[in-house]
Each structure stands twice: as C-alpha cells, then as structure tokens.
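Notes for the one structure printed next.
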Amino acid sequence: MSLLLNVDSLRKAYGQTKKEKTAVLEDVSFSLQCGEIVGLIGASGAGKSTVGRILASLEQQDAGTIWFDGCDLTDLTGKKRRVFAKDIQMIFQDPYGSLSSRMRISDLVEEPLLIQKSEKDPAKRRMRVEEALELVSLDPKKYAMRFPHELSGGERQRVGVARALVCRPKLIVCDEPTSMLDTSLRLELLVLLKKLNKQFGIAYLFITHDIALTKGFCQRLLVLYEGRIVDQGETDSVIEQPDHPFTIRLIEALKKLENSKGE
Ligand SMILES: Nc1ncnc2c1ncn2[C@@H]1O[C@H](COP(=O)(O)OP(=O)(O)O)[C@@H](O)[C@H]1O
Ligand SMILES: [Mg+2]
C-alpha cells in the first residue's frame with residue numbers, strides 16, 4: 001500500500017465578518033491509500049461536503065495541510081491548485097442540478113478535459129469521451145448527442161461518473177452520489193464504482209449520511225462530528241464497536257430503521 005492523500009489539521013469557517021464566522025471544520029486529519037475506498041460519514045451539516053469541496057479545489061481551507069500523490073497542495077490556490085489536483089475529481093449528489101441542461105452529453109463529458117487543457121487534440125478528446133461513456137455503460141452512439149433531460153436519473157448520475165473518469169483521476173470524491181436514486185439504482189451505481197476501482201485502482205472518498213451503504217463497499221470509515229474526525233477504522237469494526245457516543249447513536253438509529261423495515 002502506498003499513501004495517496006494526507007490531510008492534516010484542516011480548518012474552515014464560513015461567514016463574512018470575524019463576528020459572523022462559524023467554524024465548520026475545526027481539526028480534520030486523515031489519510032487515504034492508493035486504491036482505497038474510505039467512507040466519510042456524519043450528520044447533515046457536519047461539514048462532509050466542505051471536506052470534499054476543499055479536496056476537489058472548489059474551495060480553499062483556512063488552515064491545515066493537504067498532501068496528495070507526492071505534491072503539497074497546501075499553499076496552491078485557484079488555477080494552479082486545480083492543475084496539481086487534477087487527479088482528484090468529484091461526483092455530486094444531484095445528478096440533474098450538477099449537469100448544465102443546455103449541453104449535450106458528449107460536451108458535458110468533454111468539458112473537464114477542456115478546463116484542464118490536458119488533451120489538445122480534438123480527435124483524441126472525442127475518443128476519451130467515448131471511452132468514458134462506454135466505461136459507465138452509456139453507448140456513445142445512443143447517448144452522446146442527447147441532453148440531460150432525455151436521460152433517467154440513474155443515467156444522469158452515470159454521466160457524472162463519466163465526467164470524473166474522463167480525467168483519469170486517482171481519487172474521486174463521491175458526495176452522496178446515491179442519495180437521489182432509488183434502491184436498485186443505488187446498488188447499480190455502487191457496483192459500477194467498485195468495478196472502476198478494481199479496473200483502474202481509483203480511490204474513493206465516499207461521503208454519505210447513510211451508514212448502511214458503507215457496509216460491503218467501504219474498507220474504512222471516518223466519522224465526522226463537530227468539525228473533527230471522532231471515530232475511524234475498518235468499516236465492520238466501526239459499526240460493531242463504535243468508540244464515540246455520536247457513532248453509537250448513529251448506528252442505533254440505523255438498526256432501528258432496519259428493524260422497522262423488517263416488521
Ligand atoms: N458556502 C457556504 N457559506 C456559508 N455556510 C456554508 C457554506 N457551505 C456550507 N456552509 C455551512 O457549513 C456547514 C456544513 O456544510 P456541509 O459541508 O455542506 O455539510 P454536510 O455535507 O455534512 O451536510 C453547514 O452548516 C452549512 O450551512
Ligand atoms: Mg453535503
């Protein structure tokens with residue numbers, strides 16, 4: 001195993017003035033190995049998406065260090081940071097809201113390559129787009145010229161995966177990618193993500209507030225609570241022997257939910 005990502009003492013507060021500022025991340029530290037699937041769980045509003053957005057360079061941390069794949073991203077900002085962090089991509093929760101409705105599927109999947117300027121040859125770019133669509137089981141002949149509204153929710157989410165894949169990333173931050181899908185599509189997406197993990201060794205930081213989803217998918221879990229990682233370890237051991245009162249509560253709530261479904 002080799003280290004892919006190390007986040008140390010990450011801090012982030014929101015608010016315009018000093019008085020208004022509220023800390024979301026107080027002190028977040030964790031690491032991720034190459035090809036590892038790690039779940040980040042926590043209640044709604046805990047700051048999970050903030051962690052994801054900082055890693056995907058969509059936002060800047062206030063303090064703390066980020067080391068990724070041999071490169072210190074900490075002091076890099078804006079465009080420069082995005083170039084160095086191009087191997088970190090993100091998949092979003094809302095497969096509709098995250099895709100521009102006026103762009104065709106082929107253009108949507110090509111867009112990250114244009115932003116990154118990593119492939120200058122248009123013919124090669126087209127091939128990369130087709131390859132990414134095929135990897136998510138969307139036949140380019142059938143889907144490339146369609147618009148997002150001509151796709152089902154599950155298909156749109158797969159376009160989101162293709163957009164991340166086209167850059168050939170080493171890490172994908174998956175921000176609750178299944179929360180707007182129904183149960184069978186959820187499973188389908190997890191199977192797809194697992195296949196891509198095996199095929200390309202892509203690591204995932206899998207953000208969710210649904211602990212049940214992490215079983216059998218995530219190798220490790222990180223529990224975010226009040227701006228800190230309060231519990232972490234192998235998925236089964238965090239679920240079976242939670243250390244922190246918050247994790248215990250979360251798991252109890254889940255068990256109650258499971259029991260009520262069985263009745
Ligand atoms: N751009 C922003 N400006 C101000 N507050 C924000 C912003 N983004 C998130 N927050 C606040 O930070 C907290 C954590 O948000 P978020 O990271 O989205 O949590 P989670 O993904 O765990 O639900 C929430 O209280 C949210 O309202
Ligand atoms: Mg969120």
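The values are calculated or read from the model by the stated rules, or taken from the named source; none is laboratory data. These numbers come from a predicted model, not from an experiment. Quick reminder, even Gly has a Cβ in these numbers, built from the backbone with ideal geometry, and neighbours come from all protein chains shown. Just so you know, the surface numbers come from the protein's heavy atoms only, side chains and all, with ligands and any DNA or RNA stripped out. Shrake-Rupley method; radii C 1.70, N 1.55, O 1.52, S 1.80 Å.
Checked against the criterion of being out of contact with any Pro (no Cβ under 8 Å at 6 or more places or on another chain) and over 21 Å from THR235 (Cα atoms), the stretch 188-198 has no qualifying residue.
Suppose we keep only residues that are in contact with a helix residue (DSSP H, G or I) (Cβ under 7 Å, 6 or more places away or on another chain) and within 15 Å of ALA46 (Cα to Cα) within the stretch 241-259. Which one would you say is least open to solvent (accessible area, probe 1.4 Å)? Looking at residues that are in contact with a helix residue (DSSP H, G or I) (Cβ under 7 Å, 6 or more places away or on another chain) and within 15 Å of ALA46 (Cα to Cα), I get THR247. Within the stretch 209-230, the set of residues being away from ligand 2 (no atom under 16 Å from the Cβ) and buried (at least 22 other Cβ atoms within 10 Å of the Cβ) comprises CYS218, LEU221.
Pick out the one residue from GLY15, GLY45, GLY78 that is on the phi > 0 side of the Ramachandran plot, within 16 Å of ligand 2 (Cβ to nearest atom), modelled with pLDDT under 95 and open to solvent by 10 Å² or more (accessible area, probe 1.4 Å). Of the residues listed, the single one that is on the phi > 0 side of the Ramachandran plot, within 16 Å of ligand 2 (Cβ to nearest atom), modelled with pLDDT under 95 and open to solvent by 10 Å² or more (accessible area, probe 1.4 Å) is GLY45.
Within the stretch 188-197, is there a residue that is within 22 Å of VAL7 (Cβ to Cβ), surrounded by 15 or more Cβ atoms within 10 Å (Cβ to Cβ) and at pLDDT 95 or above? Steps first, answer last, please.
Just the residues of the stretch 188-197 that are within 22 Å of VAL7 (Cβ to Cβ), to begin with: 193, 197.
Filter once more, keeping what is surrounded by 15 or more Cβ atoms within 10 Å (Cβ to Cβ): 193, 197.
Restricting the remaining residues to those that are at pLDDT 95 or above gives 193, 197.
Within the stretch 188-197 (the criterion being within 22 Å of VAL7 (Cβ to Cβ), surrounded by 15 or more Cβ atoms within 10 Å (Cβ to Cβ) and at pLDDT 95 or above), the answer is yes, since at least one residue qualifies.
Here LEU193 does not qualify as within 20 Å of MET90 (Cβ to Cβ) and over 16 Å from the mean Cα position of the chain (by Cα).
All conditions but one from (1) open to solvent by less than 50 Å² (accessible area, probe 1.4 Å); (2) in contact with a helix residue (DSSP H, G or I) (Cβ under 8 Å, 6 or more places away or on another chain); (3) not assigned by TED's automatic domain parsing to the domain that holds ALA253 apply to PHE206; the one that does not is (3).
Give the stretch 96-138 a look and list any residue that's assigned to a loop (DSSP other than H, G, I, E, B) and open to solvent by 70 Å² or more (accessible area, probe 1.4 Å), or say none. Working first, answer last.
Going through the stretch 96-138, the residues assigned to a loop (DSSP other than H, G, I, E, B) turn out to be 96-104, 117-121, 136-138.
Passing the criteria: TYR96, ARG102, ARG104, LYS117, LYS120, SER137.
In the set (1) touching a Ser or Thr at 6+ places or on another chain (Cβ under 7 Å); (2) open to solvent by 20 Å² or more (accessible area, probe 1.4 Å), VAL238 fails one condition alone, (2).
Yes/no matrix, rows are residues, columns are (1) in contact with a strand residue (DSSP E or B) (Cβ under 9 Å, 6 or more places away or on another chain); (2) open to solvent by less than 40 Å² (accessible area, probe 1.4 Å); (3) part of a loop (DSSP other than H, G, I, E, B):
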site: LYS142; (1), (2), (3): no, no, no
site: ARG146; (1), (2), (3): no, no, yes
site: HIS149; (1), (2), (3): no, no, no
site: GLY154; (1), (2), (3): no, yes, no
site: GLN157; (1), (2), (3): yes, yes, no
site: VAL161; (1), (2), (3): yes, yes, no
site: CYS167; (1), (2), (3): yes, yes, yes
site: MET180; (1), (2), (3): no, no, yes
